[in-house]
Amino acid sequence: MNPFSWIVGNSRNRTTPPRQPIPETFLQVSNLTRQTVLGTRMELANSGPKRNKGLLGRNHLAPGEGLWIVPCESVHTFFMQFPIDLIYLDREKRIRKLRSAVPPWRMSVCLTAHSILELPAGTIRDSQTQRGDTLEFSPAVEHATAPRPY
């Protein structure tokens, strides 16, 4: 490394305050068509690093948890440890495609989707969610801060 780069790099580290972590916000997702709740603690993955990581590194999703990936047309379950339900949404949050209990080591695509919900396996069945239903996202009501299951 060039000495000038080392000096400038080290002085920048001393003068720049450390970045504060952005507090995690959670969403509730409801199926307006069926009058059911799909998730009460949905994470939003709307940045490159969050979308790239997805659910990797977790060993399960608790009921009510999930990930909303925006924008997104396809996902993979490579290296995952559990099956998930996938809901593909268009820009108006109408369901374009559903995939239930997608096991690890699979790919799924919907070229007409704008975003994807990753939910615990069985959520689609339990909520009777169908293609064409409209979803609504709202801020989640935080009860007690529970530890994350991963």
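Structure summary
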quantity	calculated
Residues of region 126-140 satisfying the condition of being part of a strand (DSSP E or B) and closer than 18 Å to Thr25 by Cα	Glu136, Phe137, Ser138, Pro139
Among the candidates Trp68, Trp105, residue that is of a type in the set (A, V, I, L, M, F, W, C), modelled with pLDDT of 95 or more and either under 12 Å from the mean Cα position of the chain (by Cα) or under 15 Å from Ala140 (Cβ atoms) (or both)	Trp68
Residues located in region 53-84, provided they are closer than 21 Å to Cys110 by Cα and either among the basic types (Lys, Arg) or part of a strand (DSSP E or B) (or both)	Lys53, Gly66, Leu67, Trp68, Ile69, Ser74, Val75, His76, Ile84
Selection within region 86-125 - free of Cβ contacts under 8 Å to residues at least 40 places away in the same chain, in contact with a Pro (Cβ under 9 Å, 6 or more places away or on another chain), not in a loop (DSSP other than H, G, I, E, B) and not hydroxyl-bearing (Ser, Thr, Tyr)	Ala101, Val102
Residues of region 1-53 satisfying the condition of being of a type in the set (Gly, Ala, Ser) and at pLDDT below 60	Ser5, Gly9, Ser11
Single unsatisfied condition, Ser47 versus (1) out of contact with any Leu (no Cβ under 9 Å at 6 or more places or on another chain); (2) touching a residue at least 40 places away in the same chain (Cβ under 8 Å); (3) hydroxyl-bearing (Ser, Thr, Tyr)	(2)
Only listed residue being touching a residue at least 40 places away in the same chain (Cβ under 8 Å), touching a helix residue (DSSP H, G or I) at 6+ places or on another chain (Cβ under 8 Å) and of a type in the set (A, V, I, L, M, F, W, C), chosen from Leu38, Leu32	Leu38
Residue list for region 82-106, restricted to those being closer than 15 Å to Trp68 by Cβ and β-branched (Val, Ile, Thr)	Ile84, Ile87, Ile95
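A quick yes/no check of all residues on (1) within 20 Å of Leu27 (Cβ to Cβ); (2) surrounded by 15 or more Cβ atoms within 10 Å (Cβ to Cβ); (3) charged (D, E, K, R):
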| residue | (1), (2), (3) |
| --- | --- |
| Ser47 | yes, no, no |
| Leu55 | yes, yes, no |
| Arg58 | yes, yes, yes |
| Gly64 | yes, yes, no |
| Met80 | no, yes, no |
| Pro83 | no, yes, no |
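The values are calculated or read from the model by the stated rules, or taken from the named source; none is laboratory data. Remember, predicted model here, so these are calculated numbers, not experimental data. Virtual Cβ from ideal backbone geometry, glycine too; neighbours counted across all protein chains shown.
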